[in-house]
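Input: a single structure, listed below in structure tokens.
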Amino acid sequence: MWSLIKVELYKIFSRPRTYIAFGAIAALIVVIQLGLKIDGDAYSSFLMKDINDTLTVDGKVLNGYLICYILLQLLLVHVPLLVALIAADMISGEANLGTLRLLFTTPYSRTRWVLAKFIAASIYTILLLIWLAFLALFVSMWIFGTDDLFLMKSNYVVLIEQNDVLWRYVGAFVFASFALLTVTSLGFLLSSLSSNSIGPIVGTMSVIVFFTILSTLNIPLFTIVKPYLFTTHMNNWKEFFDIQVNANNEAITGSILNIPKIKISLVVLTLHIILFVSASIIIIKQKDILS
Amino acid sequence: MFGLFCYYFMSVIKIQNISKHFGSLKAVDDLSFEVQAGQVFGFLGQNGSGKSTTIRMLLSLIHPTSGQIEIFGKRIEKDREAILEQVGAIIERPDLYPYLSAREHLELFAKVRKQKICEADINATLEKVGLAHRAKDKVQTFSLGMKQRLGIGIALVHNPSLIILDEPTNGLDPQGIADIRQLIQYLAKEEGKTVLVSSHLLSEIEQVAHQILIIHQGKKMVEGVTKELLDPEKRIVQIKTTDDANALKVIAASSFSNYLLPRSEGVYLKIPTREIPLLNESLVKAEVALLGIETKNSLEDYFLQITSNA
């Protein structure tokens, strides 16, 4: 199995297309970091304008932790589209090239090949996320320094001490990996249905956009299906940055406000991954390879 | 010794009544044949006759609608992995990864074989298919012929006992075609491989195959030993005259009438080679305006004869 995964990884990283996503993420993050470095004070003043009369905040609000949070909010919506570029091409791309028949005439079952391909696509996705984490968190910490993380939610503010922040990012990135692997498995499923790459790539992006709209609209009809849509759960990495308070309304260090919500989201995302990959295996096993 | 003896009398491929239907289309219809060990088996048919569909079923790329396939005495649907370990194949076009080099292709496909394939084996394969000098070049810079050679290299890199080559000379120049012919002969004679080769370049099959099978519209038309089917003692000849009707009348009234082949156009006979001069003499005597007598004894003529009668 490992030899099949190595073959798939070799193919993924031999293609120039693979590096587009890494380049795009780097470019976006550098541009945002540069903008905030130059004009960060104005931006933080804008953020704080509603609470300046009631609250005085000391220290460096626009620090590396906040920059990372801002970047994740912006990018974790778009990274799935970059993931789709590779995941949705894994099977359909080979069908289009005609190389799928080369793979399926080797002495390994189709199930093993499909799993090897999914694992390779997942490794790519995780590497993309690590790259994002490195640039968004560690480079931001290096450029902007560190301090307590001050977040403004819709009707309250959260202040997390700086020594209580890093593990939350680790949790958020682990959660985000589940969210992105769900996208990988969706792209993979659509890829198994097609013999060209464009359809599954556009299809994956369309499903994400469509489901995201359903997840965000507060229309009663949609609220029935919302809990079952993976897009509803993809943004719950933010839960790692909601903190419990004691009776005196003081933050409890090391706490998370709604752990069950995170757990449910992880279960829903994992079930989606299993469902999508299993469906891909069934489809490929029954498929006549005509390309 | 006894094992080797048995091997050469064993059916490497045994296909029994396989059919493949795509909706209402019968791509392969109740086809049965066997390929013996150490044999070069020519699988012939026009484009769309069902050759590639049959080969894809042999390699379990396509699931048969009905019938049974045995390779090395094992059922393909049950022992697929064990069978494919000993099989090397190219199917139709040489589709490869344009961003990888020839060497990278062989290294990748060596990795997915269970036996150990070393650097020397890869170099030997590159030499065998004449790509050693372009080993490091990306496939996107290759001609169709070079891609075809690399496809054959991938099929050979793990030293399989059964080699299935679907249209292996597609896109090759005359020298390339001759090279592949030599390679097939070498693999069968020197290395004792069993080779199933399909082609529509019938002259190529004629020169390499011990046994041939012709299919048309998914059905078996004829099967047999190449030498017997192309009996050198009997040749198909076309009598070229300015008046075919008169020539037919003369031949029908002569002792050569039994040799006449029923054709809608032209005058064709299947005649012993030694009697061709006598035929010529009798036509001249009967004052038939003779333009020539053309021998039509290639496999291609035979193939056209069989399929046009179908």
Is the range A:148-155 home to any residue that is more than 15 Å from A:T18 (Cα to Cα) and at pLDDT 85 or above?
-> yes
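Let's see how each residue does on (1) more than 14 Å from chain B (Cβ to nearest Cβ); (2) acidic (D, E); (3) in a strand (DSSP E or B); (4) surrounded by 17 or more Cβ atoms within 10 Å (Cβ to Cβ):
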| residue | (1), (2), (3), (4) |
| --- | --- |
| A:T105 | no, no, no, yes |
| A:A121 | yes, no, no, yes |
| A:S140 | yes, no, no, yes |
| A:I143 | yes, no, no, no |
| A:D147 | yes, yes, no, yes |
| A:L159 | yes, no, yes, no |
Residue under evaluation B:A82, criteria (1) within 22 Å of B:R113 (Cβ to Cβ); (2) crowded, with 22+ Cβ neighbours inside 10 Å; (3) in contact with a Pro (Cβ under 9 Å, 6 or more places away or on another chain); (4) not charged (D, E, K, R), criterion not met | (2)
Residues A:I224, A:I213, A:I208, A:I201: which one is surrounded by fewer than 20 Cβ atoms within 10 Å (Cβ to Cβ), at pLDDT 85 or above and not in a loop (DSSP other than H, G, I, E, B)?
-> A:I213
Look at B:L108 and say whether it is over 26 Å from the mean Cα position of the chain (by Cα) and facing another protein chain (nearest Cβ under 10 Å).
-> yes
Considering A:R101, A:R112, which residue is crowded, with 19+ Cβ neighbours inside 10 Å, more than 23 Å from the chain's Cα centre (by Cα) and within 14 Å of chain B (Cβ to nearest Cβ)?
-> A:R101
Residue satisfying all of: in the range A:14-37; within 11 Å of another protein chain (Cβ to nearest Cβ) and in contact (Cβ under 8 Å) with a residue 24 or more places away in the chain; surrounded by the most Cβ atoms within 10 Å (Cβ to Cβ) among these = A:T18
Residues in the range A:236-255: is at least one under 27 Å from A:R17 (Cα atoms) and not in a loop (DSSP other than H, G, I, E, B)?
-> no
Among residues of the range B:59-73 being more than 12 Å from chain A (Cβ to nearest Cβ) and more than 16 Å from A:T105 (Cβ to Cβ), the residue farthest from the chain's Cα centre (by Cα) is B:S66
Looking at B:R80, B:R93, B:R56, which one is at the interface with chain A (Cβ under 8 Å from one of its Cβ atoms), over 16 Å from the mean Cα position of the chain (by Cα) and not small (G, A, S)?
-> B:R80
Might you check whether a residue that is outside any helix (DSSP H, G or I), farther than 30 Å from A:A87 by Cβ and of a type outside the set (A, V, I, L, M, F, W, C) occurs anywhere in the range A:9-30?
-> no
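The values are calculated or read from the model by the stated rules, or taken from the named source; none is laboratory data. Just so you know, these numbers come straight off a predicted model, no measurement behind them. Ideal geometry is used to build each Cβ from the backbone, glycine not excepted, and the neighbour counts take in all protein chains shown.
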